[in-house]
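The values are calculated or read from the model by the stated rules, or taken from the named source; none is laboratory data. These figures come from a predicted structure and were not determined experimentally. Don't worry about glycine lacking a Cβ; one is built from the backbone with ideal geometry, like all the others, and counts go over all protein chains shown. With ligands, DNA and RNA removed, areas are computed over all heavy atoms of the protein, side chains included. Shrake-Rupley method; radii C 1.70, N 1.55, O 1.52, S 1.80 Å.
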Amino acid sequence: DQQVKQNSPSLSVQEGRISILNCDYTNSMFDYFLWYKKYPAEGPTFLISISSIKDKNEDGRFTVFLNKSAKHLSLHIVPSQPGDSAVYFCAASSSLSGSARQLTFGSGTQLTVLP
Amino acid sequence: EPEVTQTPSHQVTQMGQEVILRCVPISNHLYFYWYRQILGQKVEFLVSFYNNEISEKSEIFDDQFSVERPDGSNFTLKIRSTKLEDSAMYFCASRQQGATYEQFFGPGTRLTVL
(Lines give C-alpha, C1' and ligand atoms only; values in the text may rest on other atoms or scores of the structure.)
Protein backbone atom coordinates (compact mmCIF):
# COMPACT_ATOMS: atom_id res chain seq x y z
CA ASP A 1 0.00 0.00 0.00
CA GLN A 2 1.89 3.04 -1.29
CA GLN A 3 -0.62 5.79 -0.68
CA VAL A 4 2.15 8.17 0.45
CA LYS A 5 5.49 7.91 -1.31
CA GLN A 6 8.85 9.47 -0.66
CA ASN A 7 10.94 8.34 -3.58
CA SER A 8 14.27 9.66 -2.35
CA PRO A 9 15.61 7.59 0.54
CA SER A 10 18.43 10.06 1.12
CA LEU A 11 19.51 13.63 0.39
CA SER A 12 22.76 15.44 1.13
CA VAL A 13 22.94 19.23 1.20
CA GLN A 14 25.63 21.72 2.07
CA GLU A 15 25.09 23.83 5.18
CA GLY A 16 23.42 27.12 4.33
CA ARG A 17 21.86 25.84 1.12
CA ILE A 18 18.25 24.86 0.54
CA SER A 19 16.99 21.34 1.26
CA ILE A 20 13.98 20.19 -0.74
CA LEU A 21 12.22 17.01 0.33
CA ASN A 22 9.49 15.61 -1.86
CA CYS A 23 6.39 13.54 -1.24
CA ASP A 24 3.71 12.16 -3.56
CA TYR A 25 0.34 10.73 -2.65
CA THR A 26 -2.22 8.70 -4.55
CA ASN A 27 -5.33 8.98 -2.36
CA SER A 28 -7.27 12.03 -3.53
CA MET A 29 -9.27 11.99 -0.28
CA PHE A 30 -6.25 13.11 1.73
CA ASP A 31 -6.89 16.68 2.82
CA TYR A 32 -4.31 17.36 5.49
CA PHE A 33 -0.58 16.84 5.24
CA LEU A 34 2.18 16.91 7.80
CA TRP A 35 5.94 16.70 7.94
CA TYR A 36 7.74 15.05 10.82
CA LYS A 37 11.41 14.87 11.67
CA LYS A 38 12.86 11.84 13.39
CA TYR A 39 16.19 11.31 15.09
CA PRO A 40 17.41 7.78 15.88
CA ALA A 41 15.87 6.28 19.03
CA GLU A 42 13.30 9.10 19.26
CA GLY A 43 9.71 9.48 18.19
CA PRO A 44 8.65 11.57 15.20
CA THR A 45 8.62 15.31 15.96
CA PHE A 46 5.98 17.44 14.26
CA LEU A 47 7.44 20.13 12.01
CA ILE A 48 4.80 21.75 9.85
CA SER A 49 1.44 20.97 8.28
CA ILE A 50 -0.79 22.16 5.48
CA SER A 51 -4.47 21.86 4.74
CA SER A 52 -5.62 21.06 1.22
CA ILE A 53 -7.33 24.46 1.02
CA LYS A 54 -3.88 26.09 0.96
CA ASP A 55 -0.93 25.70 -1.36
CA LYS A 56 1.76 27.03 0.94
CA ASN A 57 2.51 27.23 4.64
CA GLU A 58 5.58 28.77 6.15
CA ASP A 59 7.11 28.55 9.62
CA GLY A 60 10.53 30.07 10.06
CA ARG A 61 13.04 28.15 7.96
CA PHE A 62 10.43 25.56 6.93
CA THR A 63 7.98 25.95 4.07
CA VAL A 64 5.61 23.31 2.77
CA PHE A 65 4.15 23.54 -0.73
CA LEU A 66 1.14 21.56 -1.87
CA ASN A 67 0.26 20.90 -5.50
CA LYS A 68 -3.12 19.17 -5.38
CA SER A 69 -3.43 18.59 -9.09
CA ALA A 70 -0.10 16.76 -9.11
CA LYS A 71 -0.78 15.14 -5.72
CA HIS A 72 2.63 16.36 -4.64
CA LEU A 73 4.01 18.21 -1.68
CA SER A 74 7.45 19.38 -0.78
CA LEU A 75 9.25 20.64 2.29
CA HIS A 76 11.81 23.39 1.85
CA ILE A 77 14.36 24.07 4.55
CA VAL A 78 16.40 27.21 4.12
CA PRO A 79 19.05 27.75 5.21
CA SER A 80 19.89 24.15 6.07
CA GLN A 81 21.80 23.53 9.28
CA PRO A 82 23.76 20.47 10.45
CA GLY A 83 21.17 19.98 13.23
CA ASP A 84 18.56 19.41 10.53
CA SER A 85 20.18 16.07 9.71
CA ALA A 86 17.46 13.50 10.45
CA VAL A 87 14.87 11.33 8.73
CA TYR A 88 11.93 13.37 7.41
CA PHE A 89 8.53 11.74 7.08
CA CYS A 90 5.62 12.99 5.07
CA ALA A 91 2.20 12.00 6.45
CA ALA A 92 -1.38 12.50 5.33
CA SER A 93 -4.84 12.20 6.78
CA SER A 94 -8.39 12.16 5.46
CA SER A 95 -11.74 13.12 6.87
CA LEU A 96 -12.99 9.76 5.59
CA SER A 97 -11.17 8.09 8.46
CA GLY A 98 -13.58 9.83 10.82
CA SER A 99 -12.69 12.30 13.51
CA ALA A 100 -9.66 10.22 14.49
CA ARG A 101 -7.79 11.19 11.32
CA GLN A 102 -5.08 8.60 11.61
CA LEU A 103 -1.91 9.30 9.71
CA THR A 104 -0.57 7.46 6.68
CA PHE A 105 3.19 7.83 6.51
CA GLY A 106 5.71 7.82 3.71
CA SER A 107 8.89 5.78 4.00
CA GLY A 108 11.05 8.76 4.95
CA THR A 109 14.03 10.61 3.52
CA GLN A 110 17.33 10.75 5.37
CA LEU A 111 18.60 14.32 5.15
CA THR A 112 22.28 14.94 5.79
CA VAL A 113 23.44 18.54 6.05
CA LEU A 114 27.17 18.76 5.52
CA PRO A 115 29.13 21.44 7.39
CA GLU B 1 6.63 22.05 26.93
CA PRO B 2 4.22 19.14 27.48
CA GLU B 3 5.17 15.88 25.84
CA VAL B 4 4.00 12.32 25.38
CA THR B 5 5.91 9.83 27.51
CA GLN B 6 6.20 6.07 27.06
CA THR B 7 7.43 3.24 29.25
CA PRO B 8 9.39 1.07 29.07
CA SER B 9 11.85 2.30 26.46
CA HIS B 10 12.78 -1.30 25.64
CA GLN B 11 10.88 -4.49 26.37
CA VAL B 12 12.22 -7.96 25.69
CA THR B 13 9.79 -10.86 25.91
CA GLN B 14 9.42 -14.48 24.94
CA MET B 15 7.09 -15.50 22.14
CA GLY B 16 3.61 -16.21 23.50
CA GLN B 17 3.96 -13.89 26.48
CA GLU B 18 1.71 -10.92 27.15
CA VAL B 19 3.16 -7.42 27.13
CA ILE B 20 1.69 -4.08 28.13
CA LEU B 21 3.13 -0.90 26.69
CA ARG B 22 2.32 2.29 28.55
CA CYS B 23 1.86 5.86 27.45
CA VAL B 24 0.99 9.12 29.13
CA PRO B 25 -0.50 11.44 26.49
CA ILE B 26 -0.42 15.23 26.71
CA SER B 27 -2.92 16.19 29.38
CA ASN B 28 -5.45 18.25 27.41
CA HIS B 29 -5.45 15.97 24.37
CA LEU B 30 -8.52 13.92 23.58
CA TYR B 31 -7.41 11.62 20.75
CA PHE B 32 -4.90 8.86 21.41
CA TYR B 33 -3.12 6.59 18.96
CA TRP B 34 -0.75 3.68 18.68
CA TYR B 35 1.53 3.26 15.69
CA ARG B 36 4.34 0.82 15.07
CA GLN B 37 7.44 0.76 12.92
CA ILE B 38 9.02 -2.55 12.05
CA LEU B 39 12.73 -2.15 11.35
CA GLY B 40 13.27 -0.81 7.86
CA GLN B 41 9.57 -0.27 7.21
CA LYS B 42 7.10 2.60 7.37
CA VAL B 43 5.38 3.88 10.47
CA GLU B 44 1.99 2.12 10.46
CA PHE B 45 -1.25 3.07 12.17
CA LEU B 46 -2.64 0.53 14.64
CA VAL B 47 -5.53 2.10 16.53
CA SER B 48 -7.12 5.36 17.60
CA PHE B 49 -9.02 5.98 20.81
CA TYR B 50 -11.48 8.75 21.62
CA ASN B 51 -14.10 9.23 24.28
CA ASN B 52 -13.08 5.99 25.99
CA GLU B 53 -13.53 3.77 23.00
CA ILE B 54 -11.72 2.66 19.86
CA SER B 55 -12.61 4.99 17.00
CA GLU B 56 -10.58 3.37 14.21
CA LYS B 57 -8.31 0.36 13.90
CA SER B 58 -6.18 -1.08 11.16
CA GLU B 59 -6.03 -4.64 9.86
CA ILE B 60 -2.92 -5.15 11.99
CA PHE B 61 -4.92 -4.55 15.16
CA ASP B 62 -6.40 -8.03 15.52
CA ASP B 63 -7.78 -9.85 18.55
CA GLN B 64 -4.31 -10.14 20.04
CA PHE B 65 -4.23 -6.41 20.61
CA SER B 66 -6.24 -4.29 23.02
CA VAL B 67 -6.08 -0.75 24.31
CA GLU B 68 -7.23 0.78 27.53
CA ARG B 69 -7.30 4.09 29.32
CA PRO B 70 -7.35 2.76 32.88
CA ASP B 71 -7.28 6.17 34.53
CA GLY B 72 -7.23 9.84 33.59
CA SER B 73 -3.64 9.84 32.41
CA ASN B 74 -2.42 6.46 31.12
CA PHE B 75 -3.11 4.86 27.76
CA THR B 76 -1.98 1.26 27.31
CA LEU B 77 -1.48 -1.19 24.48
CA LYS B 78 -1.66 -4.87 25.37
CA ILE B 79 -0.47 -7.68 23.16
CA ARG B 80 -1.92 -10.89 24.52
CA SER B 81 0.34 -13.52 23.00
CA THR B 82 3.34 -12.01 21.30
CA LYS B 83 4.70 -13.31 18.01
CA LEU B 84 8.14 -12.84 16.52
CA GLU B 85 6.67 -10.48 13.94
CA ASP B 86 5.42 -8.15 16.69
CA SER B 87 9.01 -7.00 17.20
CA ALA B 88 8.95 -3.30 16.34
CA MET B 89 9.06 0.23 17.72
CA TYR B 90 5.68 1.14 19.13
CA PHE B 91 4.81 4.83 19.21
CA CYS B 92 2.01 6.43 21.17
CA ALA B 93 0.61 9.73 19.92
CA SER B 94 -2.03 12.20 21.00
CA ARG B 95 -3.74 15.29 19.67
CA GLN B 96 -6.19 17.96 20.65
CA GLN B 97 -9.72 18.17 19.38
CA GLY B 98 -10.01 20.92 16.80
CA ALA B 99 -9.44 22.01 13.28
CA THR B 100 -5.78 21.10 13.14
CA TYR B 101 -4.73 17.50 13.12
CA GLU B 102 -1.17 17.48 14.35
CA GLN B 103 -0.35 14.42 16.38
CA PHE B 104 2.43 14.50 18.94
CA PHE B 105 4.46 11.36 19.39
CA GLY B 106 6.21 9.78 22.31
CA PRO B 107 9.77 8.45 22.13
CA GLY B 108 8.60 4.90 21.49
CA THR B 109 9.00 1.48 23.07
CA ARG B 110 11.24 -1.00 21.34
CA LEU B 111 9.62 -4.42 21.64
CA THR B 112 11.82 -7.43 21.00
CA VAL B 113 10.11 -10.83 20.87
CA LEU B 114 12.46 -13.80 21.15
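Taking 25 Å as R0, compute the FRET efficiency from the Cβ-Cβ separation of A:SER69 and A:PHE46 and round it to 0.05. Don't jump to the answer; show the numbers that get you there.
Details: r = 26 Å, r/R0 = 1.05.
Once the sixth-power term is evaluated, E becomes 0.40.
Might you report the magnitude of the Cβ-based charge dipole of chain A about its Cα centre, with Lys and Arg at +1 and Asp and Glu at -1, to the nearest 20 debye? Don't skip to the answer; put the middle values down first.
Numbers: 10 positive and 9 negative charges, 27 e Å.
Result for chain A is approximately 120 debye, rounded to the nearest 20.
Students often forget the sequence filter, so: which aspartates and glutamates lie under 15 Å Cα-Cα from A:LYS56 once same-chain residues fewer than 8 apart are removed?
A:LYS56 reaches A:ASP31.
Tell me which of B:THR76, A:PHE33, B:GLN17 sits at the most positive position along the dipole axis of the protein assembly as shown, charges placed on C-beta atoms (Lys, Arg +1; Asp, Glu -1).
Farthest along the dipole direction, towards plus: A:PHE33.
With the Cα gyration tensor of the protein assembly as shown giving a ≥ b ≥ c as the square roots of its eigenvalues, does the rule (a/c under 1.5 for rounded; else a/b larger than b/c for prolate; else oblate) give rounded, prolate or oblate? If you can, show how the numbers build up before the last one.
Numbers: a/c = 1.82, a/b = 1.48, b/c = 1.23.
The shape class here is prolate.
B:GLU53 versus B:GLN41, label points 7 Å from Cα toward the beta carbon: distance in nm?
Result for the modelled spin labels: 3.0 nm.
Compare each residue of segment B:45-62 in its chain alone against the assembly with all protein chains, and report those whose accessible area goes down by 20 Å² or more; 1.4 Å probe, heavy atoms.
Output list: B:PHE45, B:GLU56.
Can you run phi through the Karplus equation (6.51, -1.76, 1.60; θ = phi - 60°) for segment B:59-67 and list ³J(HN,Hα) in whole Hz, with x for Gly and Pro?
My calculation for segment B:59-67 gives 5, 5, 7, 8, 5, 6, 9, 8, 10 Hz in order.
Place +1 on the Cβ of every Lys and Arg and -1 on the Cβ of every Asp and Glu in the protein assembly as shown, take the dipole about the Cα centre, and give the residue among B:VAL67, A:GLN2, B:TRP34 whose Cα lies farthest towards its positive end.
A:GLN2
Can you grab the distance from the C-alpha centre of segment B:40-58 to the C-alpha centre of segment A:46-74, Å, no decimals?
Segment B:40-58 and segment A:46-74 have Cα centres spaced 25 Å from each other.
May I ask you to order B:10-21, A:90-101 by the average number of other C-beta atoms within 10 Å around their residues, highest value first?
Values: B:10-21: 13.9, A:90-101: 18.8.
Highest to lowest by the protection proxy: A:90-101, B:10-21.
May I ask for the accessible area buried between chains B and A, both sides summed, probe 1.4 Å, to the nearest 100 Å²? Before the final figure, lay out each step's value.
Details: alone 6690 and 6150 Å², together 11050 Å².
Buried area between the two chains comes out at roughly 1800 Å².
Leaving out ligands, DNA and RNA, and with a 1.4 Å probe, what % of the accessible surface on chain B is carbon or sulfur?
Working: 2660 of 5800 Å².
It is 46 percent, rounded to a whole number.
Hey, got the average number of other protein chain Cβ atoms within 10 angstrom for residues in A:79-92? It would help to have the intermediate numbers written out before the result.
On the way: counts 0, 0, 0, 0, 0, 0, 0, 0, 0, 0, 3, 0, 6, 1.
Neighbouring Cβ atoms belonging to other protein chains average 1 per residue here.
Roughly how much of A:LYS54 is accessible, in Å² to the nearest 10, using a 1.4 Å probe?
100
What nm value, rounded to one decimal, do you get for the distance between A:ASP55 and A:SER10 when each label is placed 7 Å out toward the C-beta?
According to this spin-label approximation, the distance is 3.5 nm.
In debye, nearest 20, what is the charge dipole magnitude of segment B:1-74 about its Cα centre with +1 on Lys and Arg Cβ and -1 on Asp and Glu Cβ, if you could check? Provide the component values of the computation, followed by the final result.
Values: 5 positive and 11 negative charges, 36 e Å.
Dipole size: approximately 180 debye.
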